[in-house]
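Okay, so here's the structure we're looking at.
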Amino acid sequence: MTSPTASKSVLSYFGWAFAVTVGGLALGAFLGWNTTGTLGGLATAFFICAVLAVLEISLSFDNAIVNANKLKEMTPVWQHRFLTWGIIIAVFGMRIVFPLAIVAIAAWIDPWEALKLAATKPEQYAEIMQAAHLPIAAFGGTFLMMVGLTYFFNYEKDVHWIGFIEKRMAHFATVKGIEIAFVLILVLIFTSVLYGDDATTFLHASIYGLLTFLLVEVLAGFLDASQRTMSAAAKGGFGAFLYLEILDASFSFDGVIGAFALTQNLFIIAIGLGIGAMYVRSMTIMLVEKGTLAHYRYLEHGAFYAILILSVIMYVQTLTHIPEVVTGLGGAALIGISLWSSIRYNKRNGLNHAPVHDEERDRAEA
């Protein structure tokens, strides 16, 4: 018997995203008209919202895949909470509250003053955000690097896409803390290249990113160990929820900062990136319900390679500017290649129409 989710079309998962797109673009156009009073201003705001939405989607392909990988281990209750509460946190928290908090801290003003600054002096607001890029990149890059390395430094991992790299990483995973040592060495290298206050800021922000990852891991492990005393609805849920929210935030850093290269209007940025975030959530739901990750065995690998590359790019951005389009296209290209490799594997092994279940085939190399 065919399950309801199996019979759903791909487009049906994006209904809410399409609705938000129409409403968001209309609101963006209205803001453009209200700000400039011209059709040119209306068209410019509409175009920027659309570009930011595409930028967010391209930067977050890997985010959707990693979210789906974690969500399949969560209870249905916490899955629903992440896909509802999570989208509110992602759109309102990371696209509005986060930039306001950065400016409030950097300029030593209260959040209300930061909001007024964004509305009345967008150029000054954007300058403060750009000045905060270095610690944000160091924190987010460190957290994402730990996420990617933890996936590959896993001695239980027996499915490998790029075998000569991943087999060695799985082999050395028996060395405790090797991924932490790798990150710390890289942090020291970049700290030695930077000068003065920038070096100190980078070092401190990187350490905070590393500690945040470790604390989330400890909390998740503690909650898993305490499952027997928790209600059925909460089992194995809050730790994973917290992990995914911090992961979402780390992915959002680059997009939020990069958006100011297109416009200094905080509200247009929030609309454009918010539209993109809705598509990421829709992709996540589709991947979970359709079991796409089980069918395309290398898709996760591509996503985690994209995460590692993004983390390195965030580090390099502390030294020189790298266009966001390079970041987005690079991640999308890796995921596309991993999807193509998965399809080739399925064809060779007669798995074109069903998820992989054969354990022997799981251990075979492409």
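Just one of (1) over 15 Å from M278 (Cβ atoms); (2) modelled with pLDDT under 75 fails for L100. It is (2).
Please verify whether T2 is open to solvent by 40 Å² or more (accessible area, probe 1.4 Å), closer than 22 Å to I268 by Cα and either at pLDDT below 85 or assigned to a helix (DSSP H, G or I) (or both), treating the condition exactly as stated. No; evaluated as a whole, the condition is false for this residue. Only one of these conditions is not met by F152: (1) under 24 Å from the mean Cα position of the chain (by Cα); (2) in contact (Cβ under 8 Å) with a residue 60 or more places away in the chain; (3) within 30 Å of L262 (Cβ to Cβ); (4) surrounded by 21 or more Cβ atoms within 10 Å (Cβ to Cβ). Which number is it? Unmet condition: (3).
The residues of the stretch 194-206 that are open to solvent by 50 Å² or more (accessible area, probe 1.4 Å) and over 25 Å from the mean Cα position of the chain (by Cα), listed by number, are Y195, G196, D197, D198, T200. It is to be established whether one or more residues within the stretch 15-22 are open to solvent by 40 Å² or more (accessible area, probe 1.4 Å), farther than 23 Å from E127 by Cα, more than 23 Å from the chain's Cα centre (by Cα) and at pLDDT 85 or above. The answer is yes, given that some residue of the stretch 15-22 is open to solvent by 40 Å² or more (accessible area, probe 1.4 Å), farther than 23 Å from E127 by Cα, more than 23 Å from the chain's Cα centre (by Cα) and at pLDDT 85 or above.
Quick check on the stretch 38-63: of everything there that is open to solvent by 20 Å² or more (accessible area, probe 1.4 Å) and free of Cβ contacts under 8 Å to residues at least 40 places away in the same chain, which residue is nearest to A332 (Cα to Cα)? Break it down into steps so the answer makes sense when it comes.
Step one: of the stretch 38-63, the residues open to solvent by 20 Å² or more (accessible area, probe 1.4 Å) are 38-40, 42-44, 46-48, 50-51, 54-55, 57-58, 61.
Filter once more, so that each one left must be free of Cβ contacts under 8 Å to residues at least 40 places away in the same chain: 38-40, 42-44, 46-47.
Details: T38: 36, L39: 34, G40: 32, L42: 30, A43: 28, T44: 26, F46: 24, F47: 22 Å.
Ranking the candidates gives F47 first.
Within the stretch 163-193, how many residues turn out to be in a loop (DSSP other than H, G, I, E, B) and loosely packed, with under 15 Cβ neighbours inside 10 Å?
Residues meeting the conditions: 4.
Among the residues making up the stretch 141-169, those that are modelled with pLDDT of 90 or more and among the aliphatic types (A, V, I, L, M) are M145, M146, L149, I165, M169. Among the residues of the stretch 261-308, those that are of a type in the set (V, I, T) and farther than 28 Å from L100 by Cα comprise I285, V288, T292.
When residues in the stretch 323-366 are screened for being surrounded by 14 or more Cβ atoms within 10 Å (Cβ to Cβ), modelled with pLDDT under 80 and assigned to a loop (DSSP other than H, G, I, E, B), 4 of them pass. Is there a residue being outside any helix (DSSP H, G or I) and out of contact with any Gly (no Cβ under 9 Å at 6 or more places or on another chain) anywhere in the stretch 200-218? No, the stretch 200-218 contains no residue that is outside any helix (DSSP H, G or I) and out of contact with any Gly (no Cβ under 9 Å at 6 or more places or on another chain).
Scanning the stretch 155-164 for residues that are more than 24 Å from the chain's Cα centre (by Cα) and of a type in the set (A, V, I, L, M, F, W, C) gives a single hit, F164.
Residue-by-condition table, conditions (1) among the aliphatic types (A, V, I, L, M); (2) open to solvent by 90 Å² or more (accessible area, probe 1.4 Å):
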{"site": "T75", "(1), (2)": "no, no"}
{"site": "R81", "(1), (2)": "no, no"}
{"site": "I89", "(1), (2)": "yes, no"}
{"site": "R95", "(1), (2)": "no, no"}
{"site": "I102", "(1), (2)": "yes, no"}
{"site": "W108", "(1), (2)": "no, yes"}
{"site": "A114", "(1), (2)": "yes, no"}
{"site": "L117", "(1), (2)": "yes, no"}
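Tally the residues that are more than 19 Å from the chain's Cα centre (by Cα), in a helix (DSSP H, G or I) and surrounded by 14 or more Cβ atoms within 10 Å (Cβ to Cβ), restricting the search to the stretch 128-146.
Looking only at that region, the number is 2.
The values are calculated or read from the model by the stated rules, or taken from the named source; none is laboratory data. On a predicted model such as this, the values are computed, not experimentally measured, just so you know. Methodologically, a virtual Cβ is constructed for each residue, glycine included, from the backbone with ideal geometry; neighbour enumeration extends over all protein chains shown. Each accessible area value is taken on the protein alone, full model and side chains, heavy atoms only, with ligands, DNA and RNA left out. Shrake-Rupley method; radii C 1.70, N 1.55, O 1.52, S 1.80 Å.
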